[in-house]
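The values are calculated or read from the model by the stated rules, or taken from the named source; none is laboratory data. Since the model is a prediction, treat every value here as computed from it, not as a measurement. All Cβ positions, glycine included, derive from the backbone under ideal geometry; neighbour counts span all protein chains shown. Remember, those area values only see protein heavy atoms, side chains included, never the ligands or the DNA or RNA. Shrake-Rupley method; radii C 1.70, N 1.55, O 1.52, S 1.80 Å.
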Amino acid sequence: MSRLCPCTSGLVIDKCCAPYLKGQRLPETAQALMRSRFTAYAESRVDYLIQTTAEAKRQEIDPEELRRYCINIRCISLKVLKTELGGKNDETGTVLFHASLQMNKRRVLHRELSEFIKEDGKWMYVSGETNE
């Protein structure tokens with residue numbers, strides 16, 4: 001029996017984010033990409049996080065620092081608050097969400113307005129405005 005997906009969609013991971021993380025399917029919406037990236041953080045899938053970051057932003061990522069971050073957080077839940085554009089036929093989109101995380105034995109509510117674009121027909125994360 002498969003476990004529930006970390007993105008808190010209510011679906012089992014094999015029917016939700018796993019096909020994206022394994023490269024078997026592409027997220028069709030900005031929200032689907034955002035959910036899969038939350039799961040990638042939960043699963044310490046640094047490769048996926050880098051691959052789904054806009055090309056112009058990838059050089060800003062330190063893979064080892066990102067790996068340490070993933071190892072040191074526990075992703076508890078995700079709640080999507082609002083999306084603008086980001087559909088199958090859009091080229092840009094935003095997703096506002098709350099992520100409940102545990103860091104250093106403290107519970108943290110991470111609020112972010114994430115910006116996404118399509119590059120070569122694939123949704124990519126550009127940046128996020130956070131409450132931190």
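Within region 92-128, how many residues turn out to be in contact with a Leu (Cβ under 9 Å, 6 or more places away or on another chain) and either loosely packed, with under 12 Cβ neighbours inside 10 Å or closer than 20 Å to Thr39 by Cβ (or both)?
24
Filter region 106-118 down to the residues that are free of Cβ contacts under 8 Å to residues at least 60 places away in the same chain and either within 16 Å of Tyr69 (Cβ to Cβ) or among the hydrophobic types (A, V, I, L, M, F, W, C) (or both) and list them by number.
Arg106, Val108, Leu109, His110, Glu112, Leu113
Please verify whether Glu28 is within 24 Å of Asn89 (Cβ to Cβ) and not in a helix (DSSP H, G or I), treating the condition exactly as stated.
yes
For region 53-91: of the residues being of a type in the set (A, V, I, L, M) and not in a helix (DSSP H, G or I), which is surrounded by the fewest Cβ atoms within 10 Å (Cβ to Cβ)?
Filtering first and then ranking leaves Leu81.
Tell me, please, whether a residue that is more than 17 Å from the chain's Cα centre (by Cα) and either without any contact (Cβ under 8 Å) to a residue 60 or more places away in the chain or closer than 16 Å to Ser36 by Cβ (or both) can be found in region 70-81.
no
Take the residues in region 16-35 that are in contact (Cβ under 8 Å) with a residue 12 or more places away in the chain and among the charged types (D, E, K, R); name whichever of them is least open to solvent (accessible area, probe 1.4 Å).
Looking at the filtered set, the residue picked out is Arg35.
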